[in-house]
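Inspection log for the structure reproduced underneath, given as structure tokens.
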Amino acid sequence: MILRFAIAASVSTGCAWADVKLPAIISDHMVLEKVAKVPIWGIGDPGEEVTVLLNGIAATAKADAAGKWILALNLKDSASGPFEMTVAGKNKLTISDVVVGEVWVASGQSNMQFMVQEAIGAEAEMARPANPLLRQFAVKMNATSERADDVQGKWVAAAPEAVGTFTAAGYFFAKMLQKELSVPVGLIHTSVGGTQCESWTSAEALDTVPDLKAPSELLWAAVKDAPEKKKAFIESMEAWTKQNGREDKPCADAAAYTGPEISSDGWVAVKLPGAVTAPGLPQAGAVWLRKEINIPAGPAKRVPLSLPIDGFDSVYWNGRLLKQTTFRDFEGLGFVRRRGPFDIMPEDVKVGKNILAIRLYEPISPAVFPADTGGPRAGSGGSIKLEGEWLAKTEYEFPAIPAEKLAAAPQHPVIPPSPIHVASFLFNGMVHPIIPYAIRGVIWYQGEANTSRAYQYRAAFPLLISDWRQQWKQGDFPFYFCQLPIYRPKASMPGESGWAELREAQSMALKLPNTGQAVTIDVGETGNLHPRNKKDVGERLALIALAKDYRKAIPFSGPVYDSMKVESGKAILSFQHTDGGLTAKPLPQTDVVNSLTHETAPLVRNNPNSQLEGFAICGEDRKWVWADAKIDGNTVIVWSDKVPSPAAVRYAWADNPTCTSPTAQGFPHRRSAPMTSRR
């Protein structure tokens with residue numbers, strides 16, 4: 001029996017190697033670009049001859065010594081289809097429902113990952129009839145130190161049951177293209193939330209810029225060393241807790257702390273984020289936290305939890321244990337509990353009162369909910385606030401030990417970088433494997449994760465664009481991107497801003513050929529990192545493509561700053577793209593804080609007597625003040641009685657500026673930036 005199994009396994013393996021195989025992206029329902037060279041590739045036996053046939057168009061290649069083969073189909077004059085494609089070597093594969101049209105890569109971080117089902121107007125889009133000629137290939141998340149040869153994913157048409165999971169910005173982009181061009185449109189969606197530009201850039205490109213190479217190497221080292229550091233921490237903690245009698249004790253009755261109706265006797269108030277300390281709570285032992293969460297009536301929805309805890313915990317929802325984190329599976333300081341067991345499914349969410357309870361095992365010192373990770377949150381986009389007062393109660397307390405023994409306790413390790421945050425890892429796992437699939441261009445929505453190093457984005461972002469073009473070897477294909485919207489509380493005085501500085505860095509990338517920028521500053525939300533209006537975002541990107549790539553005679557840009565001169569103590573700004581003349585878009589009466597929770601706030605103007613809001617001006621002393629501004633034909637005049645000799649002007653230079661955008665053809669001003677080359 002053993003011998004027979006070994007022989008069968010050997011034969012099976014040999015057959016698998018002989019079969020021609022294709023990457024996941026070359027599969028049923030795919031959209032191919034209508035160009036002269038459409039690469040089709042795969043693996044087979046070394047020297048094996050492979051022929052691909054589509055709509056009477058054929059090409060043949062021979063596998064190299066490693067078994068890899070690649071060929072190109074000329075689909076420049078092909079009809080749209082659908083067609084059946086055959087791939088024949090020693091075996092024969094059939095790919096069904098193949099269409100020929102326009103293919104765009106949609107990439108970036110969470111605002112590109114943001115799905116149709118979360119966007120404004122989702123219900124209407126998901127109720128539309130199936131659109132079989134608008135399709136998406138969603139690349140499954142994979143961050144890896146080694147370059148992957150393939151990805152996981154499949155081509156899916158925009159049917160009612162599927163369109164909700166499409167990238168929202170990409171969907172509205174593709175929908176407008178399809179409407180205007182009447183051709184199939186395919187999206188290759190490869191994005192991951194919370195990721196920096198460098199994660200999507202190849203290692204060899206980053207190595208050419210010393211300021212980007214050095215931090216990249218540090219991240220690689222931290223990931224490499226993490227397993228050994230974690231092992232050492234577990235061994236040390238096991239030994240120390242045993243030697244000092246501080247091993248955890250099982251809880252006899254968790255319901256006494258997690259139940260919906262319990263007495264408040266013995267419970268004290270603590271404020272989170274912060275250390276779990278208050279009079280009556282122990283320095284070390286076991287402490288319970290609980291908070292009542294009220295869910296309003298309405299359609300049942302998933303409630304994702306986000307709990308940053310520097311400690312060891314057991315999390316309960318309505319009395320049910322979600323997950324326990326001991327020091328053996330503790331990832332390190334800054335470790336946030338989220339996703340998986342921390343996503344509360346709709347069937348477990350009650351209308352009205354729900355109880356979130358957390359047991360904290362503290363062998364050394366009180367656990368901390370760090371503020372720099374955003375604090376405890378719940379709901380989509382943190383729509384359910386968990387910051388503020390919680391109730392806490394002691395389960396048991398450890399007796400004091402000598403100071404020297406406490407000092408010998410092992411230090412908690414710092415959480416290693418997530419693979420998605422390590423330079424090049426997402427390029428390796430989610431971009432490299434889809435190259436050289438023929439594409440028309442790329443749409444990109446990213447930058448939030450780089451705002452703490454905004455100035456460096458001037459180098460990092462153009463490097464990524466150039467890198468992708470070099471890797472794809474399809475020339476300077478179009479690369480269109482979204483400028484960051486508003487976010488965070490408004491500032492009452494003009495000053496510095498990482499978000500504004502990154503917007504300027506984005507605009508500077510327009511120096512590269514075949515680039516375009518969609519301004520989104522007017523569709524952001526003060527309290528929501530993920531603004532839900534993705535229709536305007538996608539359509540603004542589509543208008544750029546329609547005008548620049550498909551030769552449609554349509555406006556696609558708002559006014560773009562061109563030059564500044566000073567006359568009689570006033571700065572006079574000139575612009576490009578002023579077709580139809582400049583107009584002032586009226587300011588709304590309220591500011592959208594969070595569209596998901598319908599939270600708004602009164603809009604407070606910084607200079608209510610000015611025709612245009614959002615301009616600041618300074619002299620040689622670089623002391624910025626709010627400025628008066630007005631439209632004069634195709635120029636904007638900016639001044640302030642406090643600045644008799646202007647040296648520089650800024651517009652919308654803030655994380656969350658209040659700005660009356662000078663517009664042309666209904667488009668907002670392209671960027672928030674200094675209106676002169678002098679910073």
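The values are calculated or read from the model by the stated rules, or taken from the named source; none is laboratory data. Note that the coordinates shown come from a computational prediction; the quantities given were computed from them, not determined experimentally. As a convention, Cβ positions derive from the backbone with ideal geometry for all residues, glycine included, and neighbour counts pool all protein chains shown.
For the residues Lys92, Lys76, Lys68, Lys62, the requirement of being modelled with pLDDT of 95 or more, closer than 30 Å to Ser199 by Cα, surrounded by fewer than 17 Cβ atoms within 10 Å (Cβ to Cβ) and charged (D, E, K, R) singles out Lys68. The numbered conditions (1) in the same structural domain as Thr394 (by TED's automatic domain parsing); (2) in contact (Cβ under 8 Å) with a residue 40 or more places away in the chain; (3) not aliphatic (A, V, I, L, M) are all true for Glu261 except (2).
Conditions (1) touching a Ser or Thr at 6+ places or on another chain (Cβ under 7 Å); (2) surrounded by fewer than 21 Cβ atoms within 10 Å (Cβ to Cβ); (3) assigned to a helix (DSSP H, G or I), marked per residue:
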position	(1), (2), (3)
Leu510	no, yes, yes
Arg532	yes, no, no
Leu541	no, no, yes
Ser574	yes, yes, no
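Of all residues in region 65-79, those that are within 17 Å of Ile435 (Cβ to Cβ) have Cβ atoms under 7 Å from Cβ atoms of residues that are in a strand (DSSP E or B) and among the polar types (S, T, N, Q), 6 or more apart or on another chain, in Leu71/Thr60. Each residue in region 567-602 was checked for being over 30 Å from Val303 (Cα atoms) and in contact (Cβ under 8 Å) with a residue 40 or more places away in the chain, and 18 of them qualify.
Taken over region 476-500, the criterion of being out of contact with any strand residue (DSSP E or B) (no Cβ under 6 Å at 6 or more places or on another chain) and surrounded by fewer than 23 Cβ atoms within 10 Å (Cβ to Cβ) is satisfied by Asp476, Tyr487, Arg488, Pro489, Lys490, Ala491, Ser492, Met493, Gly495, Glu496, Ser497, Gly498. For region 554-581, filtering for residues that are within 19 Å of Thr660 (Cβ to Cβ) and either of a type in the set (Val, Ile, Thr) or within 34 Å of the chain's Cα centre (by Cα) (or both) leaves 9.
Scanning region 384-421 for residues that are among the polar types (S, T, N, Q) and either farther than 25 Å from Lys291 by Cα or not assigned by TED's automatic domain parsing to the domain that holds Ala284 (or both) yields Gln411, Ser418.
Residue-wise test of (1) of a type in the set (Ser, Thr, Tyr); (2) assigned to a loop (DSSP other than H, G, I, E, B); (3) within 30 Å of Ala357 (Cα to Cα).
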| position | (1), (2), (3) |
| --- | --- |
| Glu389 | no, no, yes |
| Ala400 | no, yes, yes |
| Asn428 | no, no, no |
| Ser452 | yes, no, no |
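Within the set Ala357, Ala300, the sole residue that is among the aliphatic types (A, V, I, L, M), more than 23 Å from Ile415 (Cβ to Cβ), surrounded by fewer than 14 Cβ atoms within 10 Å (Cβ to Cβ) and in contact (Cβ under 8 Å) with a residue 12 or more places away in the chain turns out to be Ala300. Taken together, Glu217, Glu180, Glu228, Glu238 contain a single residue that is among the acidic types (Asp, Glu) and loosely packed, with under 12 Cβ neighbours inside 10 Å, which is Glu228. Note on region 295-360: enclosed strands (runs of 3 or more DSSP E) holding 2 or more residues that are more than 22 Å from the chain's Cα centre (by Cα) are 312-317, 320-325. Residue-level check: of (1) surrounded by 19 or more Cβ atoms within 10 Å (Cβ to Cβ); (2) more than 32 Å from the chain's Cα centre (by Cα), Gln611 misses just (1). The residue of region 582-598 that is farthest from Thr658 (Cα to Cα), among those that are in contact with a strand residue (DSSP E or B) (Cβ under 8 Å, 6 or more places away or on another chain) and not in a strand (DSSP E or B), is Leu596. If the condition is being among the polar types (S, T, N, Q) and touching a Pro at 6+ places or on another chain (Cβ under 6 Å), then region 372-417 contributes Thr373, Thr394.
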